[in-house]
Amino acid sequence: MTTIVPQSLSENDQAILRRLEHQPGFFELAAGLFRDGNAWPTVAMMAAEIGLFVGGVWCAWQFSQAGEVIEALRWGFPALGMILMSFTIKFAFWPVMHINRLKRQVAELELRLTRSAR
């Protein structure tokens, strides 16, 4: 990859390039889900995920305390469904995190190409 001589860039461009060159870790990517225009749907989905998981754990506890088969089925199936739904919602955020990482890399590449063309 072509390197850019930092002296040829303005201070603003240097600051942008430094910010883009920093590769965020997992927790920074996860926190990035709660920024910009997608913050409120992410918060709503996380609240639903937490509610489903807590409800699933509660149903699983009731399942473990059941004395009869029909009672165990009454608590076991909802526990299974709620926990699976909570995992599905959680795993839906993984592609978004990777897309955000790719957007950062494309923006860095565009900046480098723009500046090297000068």
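The values are calculated or read from the model by the stated rules, or taken from the named source; none is laboratory data. Since the model is a prediction, treat every value here as computed from it, not as a measurement. A quick note on method: Cβ atoms are made from the backbone with ideal geometry, for glycine too, and the neighbour counts reach across all protein chains shown.
Numbers below:
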read-out: Failed item, numbered, when Asp13 is tested on (1) closer than 16 Å to Arg104 by Cα; (2) at pLDDT 75 or above; (3) surrounded by 11 or more Cβ atoms within 10 Å (Cβ to Cβ); value: (2)
read-out: Extreme residue, farthest from the chain's Cα centre (by Cα), among residues of the range 65-118 that are closer than 30 Å to Asn38 by Cβ and among the small types (Gly, Ala, Ser); value: Gly81
read-out: Filter pass, Asp13 being in contact (Cβ under 8 Å) with a residue 24 or more places away in the chain and either touching a Leu at 6+ places or on another chain (Cβ under 9 Å) or acidic (Asp, Glu) (or both); value: yes
